[in-house]
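The values are calculated or read from the model by the stated rules, or taken from the named source; none is laboratory data. Given the structure is predicted, the values throughout are model-derived calculations rather than measurements. Here Cβ is always computed from backbone atoms with ideal geometry, including for glycine, and neighbour counts include all displayed protein chains.
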Amino acid sequence: MKNVLQSVPGIVMLGLVGMTIGSCSKNNSNNDGLTNQKQIKIESNATLGKIIVDKDGRSLYFFSNDADGANTCTGGCEALWSPFFIDNLTADQLEDATLKIADFAAITTSTNKRQLTYKGWPLYYYTPGGTPEAAGATGGEAIDGIWFVAKPDYTIMLANKQLIGSDNIHYKSDYTPGDQNTIFFTDAVGNTLYTFSRDSANINKFTKNDFSNNNLFPIYDTTRIWVPSVLDKTHFTITNVFGRNQLSYNGWPLYHFGDDGGVRGSTKGITFGAVGRWPVPVKNMPAAPAQ
């Protein structure tokens, strides 16, 4: 997504800001006129590690239902989870060098509020009783298994959405046709991950030694393991595949699907070859079989 926060220079930007404020309902802007004040920070949490907070230390959150990059928290949901937005965010308002202005953008919600996104995930406050939780609190973490404190270093995130194959048919979690949301693994920016049903425990049986077929199902190449709190980090391992690293879960090597084309939440790979040959990884999937 183009970074709309930096795309309009000078006087034109001032004009557009005025139009935006006049046309939108209250949007929880955190801009108090102190343009050089650090508006977004990273703090260390004893349980969750590095987390992203606002200028006052209040935690920000991701919603797994937003895997496509749009705000899906409407109706009663919005009473508990308020969109987070800052007018005209600039690089010097980010406190930590880990945060990059290119990772932030803005969207408009269905209720005409502006909302900041980070790595494509819309950002929220947790607002039980209509009031944002206190600085340092993380009471929204893992609610319903789909709300998570925003972090700068996730290597796994969770999407909660309908599986749709390349045949445009809707599939349930057991890969029979039908409507049902599935909670599955993505990378940090919402790109779907897959497993290969013919692999065995920490053994990749798909990738060729010259990587000539890696564009079809690219290995998930990373040396870091940072996961949502509902997942057990010890179930992830990093294995060597012809000199490169591949992340595995419960022994299942993880892949992307080239034909998803970098589209967040796309699940076209579930029908490649045969339905369910390339299932998405889920929390309770059985361990990969021994060789």
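Worth a mention:
- Scope the stretch 269-291; condition buried (at least 20 other Cβ atoms within 10 Å of the Cβ) and more than 17 Å from the chain's Cα centre (by Cα); matching residues: GLY269, ILE270, THR271, TRP278, PRO279, ALA288
- So ALA105, is it at pLDDT 95 or above, among the small types (Gly, Ala, Ser), within 24 Å of PHE185 (Cβ to Cβ) and outside any loop (DSSP other than H, G, I, E, B): yes
- Residues of the stretch 196-222 classified as in a loop (DSSP other than H, G, I, E, B), among the β-branched types (Val, Ile, Thr) and over 19 Å from the mean Cα position of the chain (by Cα), total: 1
- Residue that is touching a strand residue (DSSP E or B) at 6+ places or on another chain (Cβ under 6 Å), over 28 Å from ASP66 (Cβ atoms) and of a type outside the set (Gly, Ala, Ser), where the choices are ASN213, ASN240, ASN245, ASN209: ASN245
- Residue pairs meeting the criteria (Cβ under 6 Å; at least 6 apart or on separate chains; first modelled with pLDDT of 95 or more, in the stretch 252-269; second in a helix (DSSP H, G or I) and crowded, with 24+ Cβ neighbours inside 10 Å): PHE257/GLY269
- Lone qualifier among THR131, THR109, THR117 - being buried (at least 19 other Cβ atoms within 10 Å of the Cβ) and without any contact (Cβ under 8 Å) to a residue 40 or more places away in the chain: THR109
- Subset of the stretch 150-169 (residues that are in a loop (DSSP other than H, G, I, E, B) and surrounded by 20 or more Cβ atoms within 10 Å (Cβ to Cβ)): ALA150, LYS151, TYR154, ILE156
- Some residue of the stretch 243-250 being over 15 Å from ASN191 (Cα atoms), of a type outside the set (Gly, Ala, Ser), within 20 Å of the chain's Cα centre (by Cα) and crowded, with 22+ Cβ neighbours inside 10 Å: yes
- Checking TYR125 against (1) crowded, with 20+ Cβ neighbours inside 10 Å; (2) more than 18 Å from GLY145 (Cα to Cα), the condition it does not meet: (2)
- Residue within the stretch 77-88 that is touching a strand residue (DSSP E or B) at 6+ places or on another chain (Cβ under 7 Å), of a type outside the set (Phe, Trp, Tyr) and assigned to a loop (DSSP other than H, G, I, E, B) present: yes
- Unmet requirement for THR35, which otherwise passes all of (1) in a loop (DSSP other than H, G, I, E, B); (2) at pLDDT 95 or above: (2)
- Under the condition of being without any contact (Cβ under 8 Å) to a residue 24 or more places away in the chain and either closer than 25 Å to GLU141 by Cα or surrounded by 19 or more Cβ atoms within 10 Å (Cβ to Cβ) (or both), the residues counted in the stretch 204-222 number 1.
- Selected residue (criterion: nearest to SER166 (Cα to Cα)) from residues of the stretch 192-203 that are surrounded by fewer than 21 Cβ atoms within 10 Å (Cβ to Cβ) and polar (S, T, N, Q): SER197
- Residue match in the stretch 194-205 (condition: closer than 20 Å to VAL282 by Cα and touching a helix residue (DSSP H, G or I) at 6+ places or on another chain (Cβ under 6 Å)): yes
- Residue, farthest from the chain's Cα centre (by Cα), within the stretch 55-65, restricted to residues that are under 12 Å from GLY136 (Cα atoms) and touching a residue at least 60 places away in the same chain (Cβ under 8 Å): ASP56
- Residue within the stretch 142-149 that is more than 19 Å from the chain's Cα centre (by Cα) and not in a loop (DSSP other than H, G, I, E, B) present: no
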